[in-house]
Amino acid sequence: MIYREHRIESWEAEHRDRIKWGCAKVGMSDVCENIVRHNKGGRLVIPPSSSSIILHYSDSMRTTRGRAWTHYGPHDYHHGSTKLVREQLQALHGKPRGGLIHWCIALYETASDSDRKENGFHELAHILANLEAGKSVGHKVGWKSMMRRLGVTPKRCHSQDTTHVKRRQRRYSMACPDHCGWSFTFAAARRTRRINDARKGSVRTCPKCKAKIYLQHWMNSQEV
């Protein structure tokens, strides 16, 4: 863990330098007045009047090397796809323009220096191009132009080998409602199917003691 944290700190230092240099190069230094790293579960504090870019190194990302979100200004309100992203984006609400970038730890651990450099500018270019256009431009002309202004050849997708990265699938556990000793571990997708079946009236039974398993039992299953 100590070695891993040292590696992340090294990547963070690289990203801070590139973000500051890149923003200055395109005349948008105000975007990165404050660069803050946020760890899942940690406290996120952003100065009230500071334009900020939040950095996060993710354990849950698998085949995507990086992802960026843009904050357009004080009145921009975000609805993130996960609880963590919502928390991070909502911390920017009321602040001047900025953004959020997530990077994949699993891929960064095997990425080359040039891969990390290209990806750092790739995600920064999304934020800067979106801010310049006042809307999301995806990987279209605005983003490509911003990449060239940063001195990087625009490339939409990385070609890094991802075969060593295992996709993380959430799993749940449930014990017999009559406490006979039977327990069951299953994938999140199966839990969803069982919940939908139970809502339609399906009732399953414990294979050991035949106790009935109802909707509330599936709903109360615990992630492991």
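The values are calculated or read from the model by the stated rules, or taken from the named source; none is laboratory data. This structure is a prediction, so every number in the text was calculated from the model and none was measured. Cβ: placed from backbone, ideal geometry, glycine included. Neighbour counts: every protein chain shown. Each accessible area value is taken on the protein alone, full model and side chains, heavy atoms only, with ligands, DNA and RNA left out. Shrake-Rupley method; radii C 1.70, N 1.55, O 1.52, S 1.80 Å.
Bridging of Lys208 to aspartates and glutamates at a Cα separation below 13 Å is possible for Asp178, once same-chain residues fewer than 8 apart are set aside.
Taking amide H as placed 1.01 Å from N in the peptide plane, Ile213 has its amide H under 5 Å from the amide H of Arg204, Thr205, Cys206, each at least 5 places away in sequence or on another chain.
Here the 3J(HN,Hα) profile of the stretch 58-73, calculated from phi with Karplus coefficients 6.51, -1.76 and 1.60 at θ = phi - 60°, is 9, 8, 8, 5, 10, 10, 9, 6, x, 8, 10, 10, 10, 10, 7, x Hz, Gly and Pro shown as x.
Please report the antiparallel percentage of DSSP beta bridges with both residues in the chain, rounded to the nearest 5.
60 percent
Please report the carbon-and-sulfur percent of the accessible area for the chain; probe 1.4 Å, protein heavy atoms only, DNA, RNA and ligands left out. Heavy-atom surface of the chain belonging to carbon and sulfur, 1.4 Å probe: 48 percent. Structure shown: which of Lys40/Lys95; Lys25/Lys83; Lys95/Lys144 lie over 24 Å apart, alpha-carbon to alpha-carbon? Violating the 24 Å Cα-Cα cut-off are Lys25/Lys83; Lys95/Lys144.
The residues of the chain present an accessible area of 57 Å² per residue when probed at 1.4 Å with all protein chains retained. The HN-Hα couplings worked out from phi for the stretch 124-135 by the Karplus form 6.51 cos²θ - 1.76 cosθ + 1.60 (θ = phi - 60°) are 4, 4, 4, 5, 5, 5, 5, 5, 5, 7, x, 6 Hz, whole numbers, x standing for Gly and Pro. For the stretch 84-91, 3J(HN,Hα) computed residue by residue from phi via the Karplus equation (6.51, -1.76, 1.60; θ = phi - 60°) reads 5, 5, 4, 4, 5, 5, 5, 5 Hz, glycine and proline entered as x. Could you tell me the calculated FRET efficiency between Leu44 and Phe184, based on Cβ-Cβ distance and R0 = 41 angstrom, to the nearest 0.05? Rounded to the nearest 0.05, the efficiency is 0.65.
Under the convention that each Lys and Arg Cβ holds +1 and each Asp and Glu Cβ holds -1, the size of the dipole of the chain around its Cα centre is about 1180 debye. Note on the stretch 1-119: with charges restricted to the Cβ of Lys and Arg (+1) and Asp and Glu (-1), its dipole about the Cα centre is near 220 debye.
Computed from label points 7 Å out along Cα-Cβ, the spacing between Ser145 and Lys200 is 5.2 nm. Charges were assigned to the Cβ only: +1 to each Lys and Arg, -1 to each Asp and Glu. The resulting dipole of the stretch 79-132 about its Cα centre is roughly 340 debye.
Projection of the Cα convex hull of the chain, averaged over all directions and equal to a quarter of that hull's surface, yields 15.9 nm². Annotation: amide H of Arg37 within the under-5 Å range of Leu55, sequence separation 5 or more or interchain, hydrogens built in the peptide plane.
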